[in-house]
């Protein structure tokens, strides 16, 4: 696909969206009748929260990933927070995070009183750059958070080497990569603890929800207390023991997830392999066409990585991103931008004195990236509609 070098993208107001063409979001849940029935069954049960489905869901996700423990919580952000608390991040600590991520990755460090230190990203994949990580290590560094941006796992081999050399925790923010693999190993087995999100645009959904999986019983126990006010037992455990007594042993939060959500999650998890294959199919359709474009370039995928394709991100070369965004959305193509580098958000500028120039690769990429629609409910005709709309984008003179 070779856009003409002599024409410009039309103004958004001059384009007409056909009423026969429904809006295509960049991501959306896919809910089946089986999902609805699973939630209805949970509603008919004696337990709406802290019941047996929570543990069932935790075991199912952990088993899918190939690890021993799962701790389900109310959101992906709560999962990140629980992970930071479990590894003991506090006011004197620094945690290295990538600049190209959603704000929650860094916010979880700040919740614990720690300082996020932003590493730059690789220009081809927009994944955290191990060389940048290594350069930012200080005597206060306690952990590295690797973000599997767009669904592609990071270079965990290099990151693990750095973490072990400096006695650091390695946490995977895998909110984009449930079901992905790196070097033949599943995401969930590549770090000390791995965080997932079950927001509706993610690979499976519980409405809102998240989970941390880990091989460490100690970390899992700490996170279970943390999600329940720091109390050492939950209501179901006390019911089984026939006791009313409980003890709060540390400060925690109410980050519990409901049985209703876990019922949906269990049903969705059974469909996950099909969801991922559909995402990969759409990604292949995009890649086949965009391989011929000099103006619209997909991110690189490393040969050792099997992406779960949460996002399909392209870089616009010589095309005005703002005009492209507006023009595509007028045509009903729900493109989006992921993300403004976190250190450029007003909170981080003001709180930590950060600004432009800290992570130049991420900052430059932000000016040209665009996320295309990709979700398992899309059919081939809808993917072709996206490609046809992209073909109308024109590079500058």
Note to self: Taking the criterion of being within 29 Å of residue 35 (Cβ to Cβ), out of contact with any helix residue (DSSP H, G or I) (no Cβ under 8 Å at 6 or more places or on another chain) and surrounded by fewer than 24 Cβ atoms within 10 Å (Cβ to Cβ), would at least one residue in region 187-206 satisfy it?
What the structure shows: yes
Notebook entry, point to check: Is it the case that region 232-253 has a residue that's crowded, with 19+ Cβ neighbours inside 10 Å and within 20 Å of the chain's Cα centre (by Cα)?
Noted result: no
Note to self: I'd like to verify a number: residues in region 349-381 that are out of contact with any helix residue (DSSP H, G or I) (no Cβ under 7 Å at 6 or more places or on another chain), within 30 Å of residue 31 (Cβ to Cβ) and surrounded by fewer than 19 Cβ atoms within 10 Å (Cβ to Cβ), how many?
What the structure shows: 3
Item checked: Residue under evaluation residue 285, criteria (1) assigned to a helix (DSSP H, G or I); (2) free of Cβ contacts under 8 Å to residues at least 60 places away in the same chain; (3) more than 19 Å from the chain's Cα centre (by Cα), criterion not met -> (2)
Next item on the list: Looking only at region 153-166, decide whether some residue is buried (at least 20 other Cβ atoms within 10 Å of the Cβ) and within 14 Å of residue 309 (Cα to Cα).
Entry: yes
Item checked: Number of positions in region 6-53 that are modelled with pLDDT of 95 or more and closer than 23 Å to residue 371 by Cβ -> 9
Next item on the list: From (1) assigned by TED's automatic domain parsing to the domain that holds residue 372; (2) surrounded by 20 or more Cβ atoms within 10 Å (Cβ to Cβ); (3) touching a strand residue (DSSP E or B) at 6+ places or on another chain (Cβ under 7 Å), pick out the condition that doesn't hold for residue 279.
Entry: (3)
Notebook entry, point to check: How do the pairs read when you match residues in region 40-60 that are within 17 Å of residue 227 (Cβ to Cβ) with residues anywhere that are surrounded by 14 or more Cβ atoms within 10 Å (Cβ to Cβ) and at pLDDT below 95, using Cβ under 7 Å and keeping only pairs 6 or more apart or on different chains?
Noted result: 50/234; 50/235; 50/236; 51/236
Item checked: region 219-234, subset touching a strand residue (DSSP E or B) at 6+ places or on another chain (Cβ under 8 Å) and either part of a helix (DSSP H, G or I) or not assigned by TED's automatic domain parsing to the domain that holds residue 257 (or both), residue nearest to residue 171 (Cα to Cα) -> 219
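The values are calculated or read from the model by the stated rules, or taken from the named source; none is laboratory data. The model shown is predicted, which means the values in this text are computed figures rather than measured ones. Please note: Cβ atoms are built from the backbone with ideal geometry, for glycine as well, and neighbour counts cover all protein chains shown.
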